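Quick note: the coordinates plus some simple rules give every number you see, no bench work behind them. Bear in mind that the values here come from a model prediction, so they are computed numbers and not experimental data.
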Amino acid sequence: MLSARHSAKLQVFYPVLLLLLSMLSIQSGASLAKSLFPVIGAPAVTALRLLLGTLILFFIFKPWRLKFNRESIMPLFLYGLSLGAMNYLFYLALETIPLGIAVALEFTGPLAVAMFSSRRAIDFLWIILVIAGLGLLLPIGDNIHGLDPLGILYALGAGVGWALYIVFGQRAGKGYGAATVSIGSLVAAFIFVPIGMLQSSPDIMFSWSILPVALAIAILSTAFPYTLEMIALTRLPAKTFGTLMSLEPCMGAFIGIIFLHEHLTLIQWIALAFIVLASIGSTATMKSKTKIEEVK
């Protein structure tokens, strides 16, 4: 009986642990990427992450085995474009604002998709919480808190990219499953790798002192967390998965404090808490037919 109880507990905590490790990996990858910005710049780091991440994903999912048709080309292209834009704008935001704040602002994208897919009265409470959180973060009037306005716009733009990623990902993923992300990553690489190379020196980008760090970023931010999330998704209810993912802004804030020494003000912590609560509430009260795919 005791072993059966332990087995049941493991079945519950195992996917939760995997999801927490996935969030830790993603935010650690972001902090490592930010440490590389002063050397080659955010566009170049984005380019290297997409290039190396695509190679890893191709090795894992082997998308050349897939069969494509005309109807799938445009959704796959828009999916890849939104993926690249999301990563590009997020890294630009990280250049000037703390990791936890950037994640919280970016998180408004998928949160908006979740809330605006429903018209129930309870959803207005989550919208109010998000507006309150953004009101405390955005540089309105004297309420600046030292945040760079351009960095905030980049983070919100990354949130739009994330929202579009969800919308187009659901369309592009029909028939291709998890392998869709490898195709999307290839499209993003074709667009944003040249942009990164134009804004940096290829000799420095592909130097032996940079490539190992870039490979670590690609693994931490792409291959490892995507694999863990895929395993967790098959073992957790959708609401539980979404609620746990709502903790990602807090994870980003703590990683920023530990590795980047980015300490937030009390007001910024309150704003972040409002956004996290809105996400948890939206997920917990979501109707079962509402589908949101968590991809970063």
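Brief remarks follow.
- Size descriptors for the range 24-81, from the alpha-carbon set: Rg then Dmax equal 15.0, 43 Å.
- Centre separation in Å (Cα based) which lies between the range 52-88 and the range 168-225: 10 Å
- For the range 143-283, the Kirkwood hydrodynamic radius comes to 18.2 Å, computed from all pairs of different C-alpha atoms.
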